[in-house]
1. Could you derive backbone 3J(HN,Hα) for the stretch A:187-196 from the dihedral phi with the Karplus parameters 6.51, -1.76 and 1.60 (θ = phi - 60°), listing whole Hz in sequence and x where the residue is Gly or Pro?
2. Just check the stretch A:2-326 against the gyration tensor rule for me: Cα atoms, a ≥ b ≥ c as the square roots of the eigenvalues, rounded for a/c under 1.5, and otherwise prolate or oblate depending on whether a/b exceeds b/c.
3. Using a 1.4 Å probe over the heavy atoms of the protein chains, calculate the carbon and sulfur portion of the accessible area of the protein assembly as shown as a whole percent.
4. Per residue of B:211-221, count partner chain C-beta atoms within 10 Å of its C-beta, then hand back the mean as an integer.
5. Given R₀ = 60 Å, FRET efficiency for A:Q3-B:L125 by Cβ-Cβ distance, to 0.05?
6. Given R₀ = 51 Å, FRET efficiency for A:E218-A:K13 by Cβ-Cβ distance, to 0.05?
7. What number, in percent, do you get for the relative contact order of chain A if the mean sequence gap of Cα pairs under 8 Å and at least 6 apart is divided by its residue count?
8. Mean residue ellipticity at 222 nm from the helices of the protein assembly as shown, using -39,500 (n - 2.57) per DSSP H segment of n ≥ 4 over the full residue count, to the nearest 500 deg cm²/dmol?
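The values are calculated or read from the model by the stated rules, or taken from the named source; none is laboratory data. Note that the coordinates shown come from a computational prediction; the quantities given were computed from them, not determined experimentally. Here the Cβ is made from the backbone with ideal geometry for all residues, glycine too, and neighbour counts use every protein chain on show. Keep in mind that these areas ignore ligands, DNA and RNA; they rest on the heavy atoms of the full protein, side chains included. Shrake-Rupley method; radii C 1.70, N 1.55, O 1.52, S 1.80 Å.
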Amino acid sequence: MEQWLGSLIKSGKRVVAPVKHDDIVDFAVISSPAQVADDYVQTRLSAKQYVFPKAEVLFSYKKDGKDVTIDDVNTDEFPETVLWKLHPCDVAGLEPLGAIFNWDYKDSLYNARRAKTTLVTFACAASDEYCFCASVGGGPGNTDGSDVQVTMLPDGDALVELISDKGKALLTDDIKGETSSADGIDKEKFIAKVEKKFTVDEIIKKLEGSFSSPIWQEQSDRCLGCGACAYVCPTCACFDIQEDSHLHGGRRVRSWDSCGFSLFTLHTGGYNPRTTQSARWRQRVLHKFSYMPERLHVTGCTGCGRCSRACPVDMNLVEHLTEIASHE
Amino acid sequence: MSKLSEKAAALLSEGTVGLVIGYEQGTHGTRPKFCRKAEDAATLILNDKCLNNIGGYLTKPELIGSGKVAVTATLAVMRTVVQLTAEHQLTDGNVIVLALDGDEVLQMASIDEIKKWLAAHPEDLSDENKALLSKLKALSREERWNFWINEMNKCIKCYACRASCPLCYCNRCIVEVNCPQWIKPWAAPLSNMEWQINRVMHMAGRCVGCGACDRACPVHIPLRLLTISMAGDIKEAFGVASGTGNIDGNVLSSFKPDDKENFIH
Ligand code: SF4
Ligand code: SF4
Ligand code: SF4
């Protein structure tokens, strides 16, 4: 695997992989296979920043007297990127993200980045109590959306599934000779077991007519209204548009935003339709489990559990969803 | 039921308070718990693993309403109540503080009582923090700058540091003011640095040293090093301990005509 990764790096593609810094594992651009982290359950942030950066320039402009020139972003300059050692739930996040960025307006920046990205997942060897991919239609060995999936075997070998043409194209010549048939290998034996706690259909049903339920306030009393959950989430796509303007030019910048912030829905006229944190918590859950399934035919949650690990006050999503699923 | 749960349940059923804010066991550590009915109080716990600063909820009208509330308090929460009262965000007597003395429950209803308790229970910096701080101070200016730029690179501008801080109660934070835009609101190394410098400057003399900001940061930026250093500087320059409800300590929002510096006259 190291040899393969090494030749991918040498090929000039940008290779992004989980890297450990201090006590956190996060995705970063790597220059050597030795940088790739082992023995962790989940990166802190999702991989969405490589298709939807935390801040990106939409266009820039120059002013010269009355003349204004606008420079679009040159998407040809986006690098070909291999996202290495994603989990299946990272890839699952790209489906809702793609649906949002192509709902009516086709977002050229998102689409250009996505088209230049190849997804290499590693089936999960370990999970923790925050993981619930199996409850939202995924699983630790799920291959949906991956270009390649790798399952590490106990003897150091790896089972490599080449799923798409993009994935097949990733197999470098030097590594082709190192492969043999995978017949008879049962990958389920080597991956984590994640229990199914509820189904998305159950949640969708329970959410119908739940708008005025007291459960939102009960669950969200402690929520602080920060953006941690949304920013680490692989599917949260809300953004803000900001101006970076100077005397002779400027840039328009798109940056992550969160429906958990109290000012998120503040209208220019001063009215705010979501004045309480419970209304904002309800929006978070309904958006992912009601509005997105209804409008985009995709669930807005991959079960990665990042929000719950990142939350300063332990808003544990799988606990809250299990409660919703069993609510009368 | 523990004595603490009994006390909280009694306050609720007698109608003395409409809400008790405390802690319960969470997924790994403890987490805040809101009790509105006597039954809710059964799971309350209070020990040195209670690290969220629940004093921050006391300034949120949507949670508190207009009645009296009780809060189960660690020393950091007590300091918060004292500081928030000094800043006129709480009314002395409206918040009942429940604390533990061994396994006895103490009910404190006035700031003076809380101050007395705090004076008798001073908290010092942990050895770990002392060591980190002296390591940082030993760096050259340039090394220190690089250390912080490197840390600030990680910031995603989620504002969990702000949301978890009980002294960050502004309805509109300086980062949300856009006419003029003081700080660029998107995540970028320099604007992340500007954000933290502003946050900590606003905390000058007010920070109660609870460490909530630091623990809330999802990317583990060691924010406590900033707030602890700031508290040290305030102590040194103004002789006031930060976050003790001494309004002279709010050094960036108090002005004295007889100030010893004369450039501002
Ligand atoms: S759920 Fe947690 S992470 Fe999300 S806004 Fe609330 S306090 Fe912040
Ligand atoms: S700035 Fe001070 S008072 Fe605020 S959360 Fe951090 S340590 Fe606590
Ligand atoms: S909590 Fe951390 S990542 Fe979030 S805004 Fe504060 S410093 Fe930045």
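1. Along the stretch A:187-196, the couplings run 5, 3, 5, 10, 10, 5, 9, 10, 6, 8 Hz.
2. oblate
3. Here it works out to 52 percent.
4. 4
5. It comes to 0.75.
6. With R0 = 51 Å, the Cβ-Cβ based efficiency is 0.55.
7. 21
8. -9000 deg cm²/dmol
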